[in-house]
1. Would you work out if the stretch 1-137 is rounded, prolate or oblate? Take a ≥ b ≥ c from the square roots of the eigenvalues of the alpha-carbon gyration tensor; rounded if a/c is under 1.5, else prolate when a/b is larger than b/c, oblate otherwise.
2. Given 10 Å bins starting at zero, what is the percent of C-alpha pairs of the chain in each, up to the one with the largest pair distance?
3. Treat the stretch 65-218 as a sphere of radius equal to its Kirkwood radius over Cα pairs and apply Stokes-Einstein at 10 °C in a medium of 1.306 mPa s; give the translational diffusion coefficient in µm²/s, rounded to a whole number.
4. Tell me the relative contact order for the stretch 8-65 as a rounded percent, counting alpha carbon contacts under 8 Å between residues six or more apart.
5. Relative to the longest principal Cα axis of the chain, at what angle does helix 335-347 sit, 0 to 90 degrees, rounded to 10?
6. Debye sum, Cα scatterers, the stretch 43-110, no solvent: what log₁₀ I/I(0) at q = 0.12, 0.22, 0.28 1/Å?
7. Tell me the relative contact order for the chain as a rounded percent, counting alpha carbon contacts under 8 Å between residues six or more apart.
8. If you line up the long axis of helix 146-165 against the longest principal axis of the chain, both from Cα atoms, how many degrees apart are they, to the nearest 10?
Amino acid sequence: MTTPNRQLHLNLFIYPAGHHEAAWRYPGSAPDRVLDITYYQELSRRAEAAKFDAVFFADGPALPDNIRYASRFRLEPFTWLSGIAVATERIGLIGTASTTYFEPYNLARLFASLDHLSRGRAGWNIVTTGAANAAQNFGLDEHPVHAERYARAHEFVDVVTKLWDSWEDEALVVDPESGVFADTDRIHPIDHAGKLFRVRGPLNIPRSPQGRPVYVQAGSSEDGKALAARYAEAIFTAHQTIDSARSFYADIKRRAKAEGRDPDQVKVLPGLSPFIGSTEAEALRLQREFNELTQPEYGLEQLRRVLGVDLSGHDLDEPFPRELIPDDPELNAGSRFQLIVGIIDRERPTIRQLLHRLAGARGHWVTAGTPEQIADRIEEWFTTGAADGFNVMPPYLTGGFDAFAEHVVPILQRRGLFRTEYTGTTLRDHYGLPRPRSRFAAPVVPAPRREPAASAPA
């Protein structure tokens, strides 16, 4: 049974040609347009027409090692999302930015500017960056270890939050009569002096329409869940089974409550990459067509990077050699490491089968079926404590998204699970999140309770 008024949240997660690693080779994709902003504007308008909560754009500060075989370059998200902001009106705009390779002040300015530009539609996907080869792009000899990156992330988010709060809502006066443009008593230095950052503030931009952009987080390790429980308002996560998703969902809600937060204000949004056909056989055939276009070298490089195991020269149709995975605490701490090892231990695949499992969406849930079947699976996860919605990851673009928007979304709408119209204008509105007050604002003092007047004697 669904809770009355509870609605699915759906984001369109855009990868250049689609999420399947061979998407750019598929005849229905558009690899010639992956550097064309109008391509992304058109996709975002389609998502807005389908009443999606947001479009999401991933990022990383290094070129992937396996660019030879897939469209995995990185467009800078603030420029990209600004181009989408001017072509849309209501859909949210979520971009990734690393707490390891940004400075808090610069990042706070960029997201505050995007929130103003879009009239309150910005969201920050908080990551610590897992790509070790990013370090040399920023003058570092080595990539910081997992625990150090998360320690920095906690203080980083705290500093950014203070900066976004440094202007109270009433600070911008703009009163031509008095000649006062801003009330400087309501603009506050943050004077942060921590273990890693010293930032005086205030931010040089007024408070943004949402108060603060929506905090999104995408790590599912123990450190990642701790960060999410304290700060995240939406969580992107990867699960292969509904039982795993339910366990994660319950754990995150419990952790948020322990932090003194309302668990309903933390939206858990697993990734979903659907192959859709008029029949289940057609959908499965489409999935096989994509897997047959893969280059094994791409997937083997992914396994080397995530698991630390080099399988070049191995027979791809032999069982995966589980014993070759090294016992490396730094690798073991990663949520994607744990997810892939879980597949190996649970399913005992061949190397080729594992490569195909990961080809679809890098470990996110890949499913194939008719629109009704896809809607049924979404509803089951949504109504049984596994998800508050999904990050929709089309295998290829634009056709993979068109099939979902045209055939699955109407079913969800008819079932009363997803909106037919927007009821708000900001990303916080779409997610049902409150607009936070500045921490520097004076506390709201409730009006004194007035006792009813005594009745006059008869």
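1. Details: a/c = 1.55, a/b = 1.12, b/c = 1.38.
It is oblate, given that a/c is not under 1.5 and a/b is not larger than b/c.
2. Pairs per bin, as whole percents: 4, 19, 30, 26, 13, 5, 2, 1, 0, 0, 0.
3. Values: Rh = 17.1 Å.
The estimated diffusion coefficient comes to 93 µm²/s.
4. On the way: 44 pairs, mean separation 28.3, N = 58.
Relative CO of the stretch 8-65 lands at 49 percent.
5. Roughly 40 degrees, rounded to the nearest 10.
6. The calculated log intensity ratios at q = 0.12, 0.22, 0.28 Å⁻¹ are -0.40, -0.99, -1.18.
7. Numbers: 821 pairs, mean separation 104.9, N = 458.
Relative contact order for the chain comes out at 23 percent.
8. Once rounded, the angle reads 30 degrees.
The numbers here are math on the coordinates, done by the rules we state, and not lab data. Everything quoted here is computed from the prediction, not taken from an experiment. Positions of Cβ are backbone-derived with ideal geometry, glycine not excepted, and every protein chain shown enters the neighbour counts.
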